[in-house]
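The structure appears right after this line, and notes come after that.
The values are calculated or read from the model by the stated rules, or taken from the named source; none is laboratory data. Note that this is a predicted model, so its numbers are computed, not measured. So basically every Cβ, Gly included, is an ideal-geometry build from the backbone, and we count neighbours across all protein chains shown.
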Amino acid sequence: MKVSPTEVDQASTKIEEWLVIHTTPALIHTALPDGNIDFFNRRWLEYLGLTLEDVQGWRWTAVIHPEDVAGIVEKWRTSLATGEPFEAETRVRRADGVFRWFLHRKVALRDDRGKIVRWYGSSIDIEDRRQAEDALRRSEAYLAEAQRLSHTGSFGWNTSTGEIFWSEETYRITGFDRSLGRPWTWCSSEFIPTILLSFGKRLIERRRRELTWILSIAY
């Protein structure tokens, strides 16, 4: 059977598309206009340890962490109703039973009349990023608690913008209202006098208590 050059080119293009879809590091999936997922690439299925039939339609919700199912389904239904791009972060169960965080995105493909004909989606593993964010939050919480217990404030200064970043304890010590906006810059005429007055009062009170304690012992 004789094959035309056009048919050869089309076959070559399909092979290239197949290789890209199934060998890319990204986890690719597609959905029908009604929201039913009809395709997961090989990387996805290898991660899940499942077959395509196991996760088609809405059966993919079975591999989402139970605490995340309601949220992602609600967002997906909203995108289906509005046609807006979809984005969500959820934990997905790996083949060995371990859950890892993923960022999911989907965009709609429309025809010439603007009607949605298919959704294309990708998912990327963000477990390391989420762990780093959790570690940072814990570190900030520990610092805030240590400052609260020791009555010690802290601040940061962005020298390129002049912006001052204060800890919660620094706001409390100085008596500044956080709701009024970011702290004054160092050049503010109100900043330095307030700082000196606040710490001066604390120092005087501390010395007064020490003096009272000494006198009481001497008495």
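Before moving on, here are some points about what is shown:
- Here R42 qualifies as surrounded by fewer than 19 Cβ atoms within 10 Å (Cβ to Cβ), more than 26 Å from the chain's Cα centre (by Cα) and over 15 Å from K106 (Cα atoms).
- Scope the range 31-56; condition in contact (Cβ under 8 Å) with a residue 24 or more places away in the chain, out of contact with any helix residue (DSSP H, G or I) (no Cβ under 7 Å at 6 or more places or on another chain) and within 24 Å of R77 (Cα to Cα); matching residues: A31, L32, P33, D34, W44
- Screening the candidates R129, R91 for the property of being under 18 Å from G49 (Cβ atoms) and in contact with a strand residue (DSSP E or B) (Cβ under 9 Å, 6 or more places away or on another chain) yields one hit, R91.
- The requirement of being modelled with pLDDT under 90 and either out of contact with any Lys or Arg (no Cβ under 6 Å at 6 or more places or on another chain) or part of a helix (DSSP H, G or I) (or both) is satisfied by P25.
- Failed condition for E7, given (1) within 27 Å of the chain's Cα centre (by Cα); (2) of a type in the set (D, E); (3) modelled with pLDDT under 90: (1)
- When residues in the range 72-97 are screened for being loosely packed, with under 14 Cβ neighbours inside 10 Å and in a helix (DSSP H, G or I), 5 of them pass.
- The range 57-68, residues that are touching a residue at least 12 places away in the same chain (Cβ under 8 Å) and not charged (D, E, K, R): G57, W58, W60, T61, V63, I64, H65
- In the range 28-43, residue modelled with the lowest pLDDT [restricted to those that are of a type outside the set (G, A, S) and in a loop (DSSP other than H, G, I, E, B)]: N41
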